[in-house]
Amino acid sequence: MALNNLKYLKYIGLTLILVLSFSLRMYAVIYTIIDRPIRSDAAKYYNYALNLKYKQTYSPQSFVDHNIKPDTLVSPGYPVFLIPFVKYPPSDSMLFIINLVQVFLGTVSVFLAYVIFRYFLSEIPSFIATLLTAISPHLISMNTYLLTETLFTFLMMFSLWLLIETYSRNKIIFALIAGIVFASAALTRPTLQYYIIFVVGLIIYQCKLKNALRLILPLILGFSILIAPWFLYNLSVIGKISDSTLAKNTVYHGIYPDFVYNGIASSRGMPYRFDPNSKKISQSYKTIFSEITRRFRKEPYRYSKWYLVDKTLTLFSWDIIGGVGDVFIYPVKYSPYFDKQIFKLTHLFMKSIHWALVILAFISSVFIWTKFYTKKLSENSLFTLRALSLLIFYFIALHIIGAPYPRYSIPLRPVIYGLAIFTCSQCFGLLKEKFKAIALSG
């Protein structure tokens, strides 16, 4: 009877967290007023979706243009997601429906976070990490924008759960589906596409090669099934399997320390727009790396610090750079974070513990590879934690090479919270054992 009561309490606790998650996201979507929500990247996604839906052409040009030309600059994940909802001309009701779907996906992401946390955390720590995910101002704010963050977070968390299930169940079908969902996430935000290599490496590392191949082959097959058509489309339009323009620009945009050009405060976030040599530097990878080499030679300390330390700190910083700041990307005329008590309190709380959570997560990411945890944890727990650790280090490595805009780390928030609470729970467990030993010896 007591066990049943605990079971019910667990379900009630999780339900309350999910209701809170949904309510905060829903309230933010209903009441946030964004100044020109369809602008910049959002406008591109809208036009891609609209042209694909009505003109069967993948193009960011305005829908009213007569001679639209296909391009391959933006991956199709988010535009394809928008297809059922987009209309011309755009309307508030259209935006609301899209945001409503994103609220649902955001809430499901919180649930997936809980499911993943349970592989390596006990019930109460899992609730704490899930609650942090539910009230994260960045994850809530992203639901109000016509941008990739919410969809990408959902697909990334879903693919991580499928990957863990693939390993724990040793099922080929899970591996195949995991590969497909990983590809969906990579097509939403291409930065994830090379993580599959690290996943394959982790499976080989954790399993014997013969057993690993049983899972790796369907995983790669699933990934290829979905991503290959995009590569073939690229080949037909531009003559190669991928357009390197965005990747090249990302590397170029990351060469400016603190995202500032020559100390000009107004250039923060977009320093390349102020650089008179921008076109010359960004011509090719050769010209970009030549400029990076020149800068390292001229100011070795400054650029070593930027690439080896400050880029990582910038990536995980609270304030969004390249947007309006804090948790907002495009300007907002009103947000419940301005004056509603629960939003202000959760914002203040999450901001005050932000760096502590990042540091604690980093500690877990490093120490999970030591022999101490190899002996202490179950195989499934160890695999889950190492998959999350690899994801953290993968994002860091990628953005050390490129531009570490804090916006790019927002989908990692659930991972950070889970790893941070794992560090806390391990420390608590060690202290508990220490005090128990002292009590017994006394």
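Among the residues of the stretch 247-290, count how many are buried (at least 17 other Cβ atoms within 10 Å of the Cβ) and over 18 Å from Asp310 (Cβ atoms).
Total meeting the criteria: 5.
Are there helices (runs of 4 or more DSSP H) fully within the stretch 300-389 with at least 2 residues that are more than 23 Å from Tyr252 (Cα to Cα) and of a type in the set (Phe, Trp, Tyr)? List them. Steps first, please.
Numbers: elements: 300-305, 311-315, 336-339, 341-367, 371-376.
So the answer is 336-339, 341-367, 371-376.
When both residues are 6+ apart or on different chains and their Cβ atoms are under 9 Å apart, which pairs have a first residue that lies in the stretch 424-442 and is closer than 27 Å to Phe117 by Cα, and a second that is surrounded by 10 or more Cβ atoms within 10 Å (Cβ to Cβ) and among the polar types (S, T, N, Q)?
Ser425/Ser122; Gln426/Ser364
Give the residue, chosen from Tyr261, Tyr256, that is of a type outside the set (D, E, K, R), over 26 Å from His354 (Cα atoms) and either in contact with an Asp or Glu (Cβ under 9 Å, 6 or more places away or on another chain) or free of Cβ contacts under 8 Å to residues at least 24 places away in the same chain (or both).
Working: Tyr256 fails: over 26 Å from His354 (Cα atoms).
The match here is Tyr261.
Look at Arg386 and say whether it is closer than 21 Å to Ile197 by Cα, basic (Lys, Arg) and in contact with a helix residue (DSSP H, G or I) (Cβ under 7 Å, 6 or more places away or on another chain).
On the way: closer than 21 Å to Ile197 by Cα: yes; basic (Lys, Arg): yes; in contact with a helix residue (DSSP H, G or I) (Cβ under 7 Å, 6 or more places away or on another chain): yes.
Yes; evaluated as a whole, the condition is true for this residue.
Go through (1) of a type outside the set (A, V, I, L, M, F, W, C); (2) at pLDDT 95 or above; (3) at positive phi one by one and return the number of the condition Asp310 breaks.
(3) is the only condition that Asp310 fails.
Which of (1) outside any helix (DSSP H, G or I); (2) surrounded by fewer than 21 Cβ atoms within 10 Å (Cβ to Cβ); (3) in contact with a Leu (Cβ under 7 Å, 6 or more places away or on another chain) is the odd one out, the single condition Pro404 does not satisfy?
(2) is the only condition that Pro404 fails.
Do we have Ile241 as hydrophobic (A, V, I, L, M, F, W, C) and either part of a loop (DSSP other than H, G, I, E, B) or more than 21 Å from Lys44 (Cβ to Cβ) (or both) here?
yes
Could you check the stretch 104-144 and list, in sequence order, the residues that are in contact with a strand residue (DSSP E or B) (Cβ under 7 Å, 6 or more places away or on another chain) and of a type outside the set (Gly, Ala, Ser)? Talk me through it step by step, then tell me what you get.
From the stretch 104-144, those in contact with a strand residue (DSSP E or B) (Cβ under 7 Å, 6 or more places away or on another chain) are 141, 144; that's our starting set.
The answer is Thr144, and nothing else.
In the stretch 319-358, how many residues are surrounded by fewer than 16 Cβ atoms within 10 Å (Cβ to Cβ) and either acidic (Asp, Glu) or within 23 Å of Gly402 (Cβ to Cβ) (or both)?
5
Restricting attention to helices (runs of 4 or more DSSP H) lying wholly within the stretch 90-204, give those where 1 or more residues are surrounded by fewer than 18 Cβ atoms within 10 Å (Cβ to Cβ).
Values: elements: 92-117, 123-135, 137-141, 149-169, 172-188.
The qualifying helices (runs of 4 or more DSSP H) are 92-117, 123-135, 149-169, 172-188.
Any idea which of Ile241, Ile227 is at pLDDT 95 or above, surrounded by 14 or more Cβ atoms within 10 Å (Cβ to Cβ) and of a type outside the set (Ser, Thr, Tyr)?
Numbers: Ile241 fails: at pLDDT 95 or above.
Exactly one residue qualifies, and that residue is Ile227.
I want to confirm something. Restricting to the stretch 13-49 and keeping residues that are surrounded by fewer than 16 Cβ atoms within 10 Å (Cβ to Cβ) and in contact with a Lys or Arg (Cβ under 9 Å, 6 or more places away or on another chain), which single residue is modelled with the lowest pLDDT?
Checking each candidate, the answer is Asp35.
The values are calculated or read from the model by the stated rules, or taken from the named source; none is laboratory data. The shown structure was predicted, so the numbers you read here are calculated from the model rather than taken from an experiment. Ideal geometry is used to build each Cβ from the backbone, glycine not excepted, and the neighbour counts take in all protein chains shown.
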